[in-house]
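Presented below is the structure to which this report refers.
The values are calculated or read from the model by the stated rules, or taken from the named source; none is laboratory data. What you see is a predicted model, and the numbers here were worked out from it, not measured in a lab. All Cβ positions, glycine included, derive from the backbone under ideal geometry; neighbour counts span all protein chains shown.
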Amino acid sequence: MNRLAVISGGDSPPAPSVAIAATFTFSSGTPITITSGDIRDLKNGIIHFAIAEPVVLGSLSDFVGWLTSKFGLPDINGQLDSLKKEIEDNPLLSSLYQGFLSFYNGIITIVVLSIDRGRVDSKTTYYSFQLAVTLDLVPPIKFFDFIEFDSIGVAVNTAGTSTSS
């Protein structure tokens, strides 16, 4: 028995692997770190990518501004400012104004993003996708004097298999 077998209890050593972690930066300065599974598996159609930590995208206003500057979409922030003023000045809607501001100024964060594809056997492939996003309300919406509604989260995932002949 060789020394490796004695140290590891007779199991073979783990197979070598090559994984990548890369950080990209949005033009807003937001860094995104993505990790991969073993990249040598790509030739077999096996993919694993995930964000390594939550990614803060900013507020709805920030997002609209980014879409305008990068893709030339109409800047609706001015229209939203007019709408904010109309809501604030309307006696029937003024009680909703703080709630509207909380959503508009809320901070959007991607907390989970994961894409997986692999092989079950030579004919069957599995896949999964996960996305979870939060909106932290700024400022929190107060109900009465003892409850605050401070965030909303949405998670979407799907998984399945496909078989080739």
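For the stretch 111-137, filtering for residues that are at pLDDT 90 or above and either farther than 19 Å from Gly37 by Cβ or more than 25 Å from the chain's Cα centre (by Cα) (or both) leaves 7. Looking at (1) at pLDDT below 85; (2) surrounded by 14 or more Cβ atoms within 10 Å (Cβ to Cβ), which one does Ser94 not meet, given that it meets all the others? It fails just one condition, (2). Taking the conditions exactly as written (in contact (Cβ under 8 Å) with a residue 40 or more places away in the chain and either farther than 19 Å from Thr30 by Cβ or surrounded by 12 or more Cβ atoms within 10 Å (Cβ to Cβ) (or both)), does Tyr104 satisfy them or not? In short, yes. Select from the stretch 107-140 the residues that are buried (at least 16 other Cβ atoms within 10 Å of the Cβ), of a type in the set (Val, Ile, Thr) and either touching a Phe, Trp or Tyr at 6+ places or on another chain (Cβ under 9 Å) or not in a strand (DSSP E or B) (or both) and list them in ascending order. Result: Ile108, single match. Count of the stretch 1-37 residues, restricted to those that are closer than 18 Å to Ser114 by Cα and modelled with pLDDT under 65, is 0. Here Ile76, Ile147 are screened, and the one residue that is farther than 30 Å from Gly37 by Cα and surrounded by 14 or more Cβ atoms within 10 Å (Cβ to Cβ) is Ile76. Answer yes or no: is there a residue in the stretch 121-142 that is within 25 Å of Gly160 (Cβ to Cβ) and out of contact with any strand residue (DSSP E or B) (no Cβ under 6 Å at 6 or more places or on another chain). Yes, the stretch 121-142 has at least one match.
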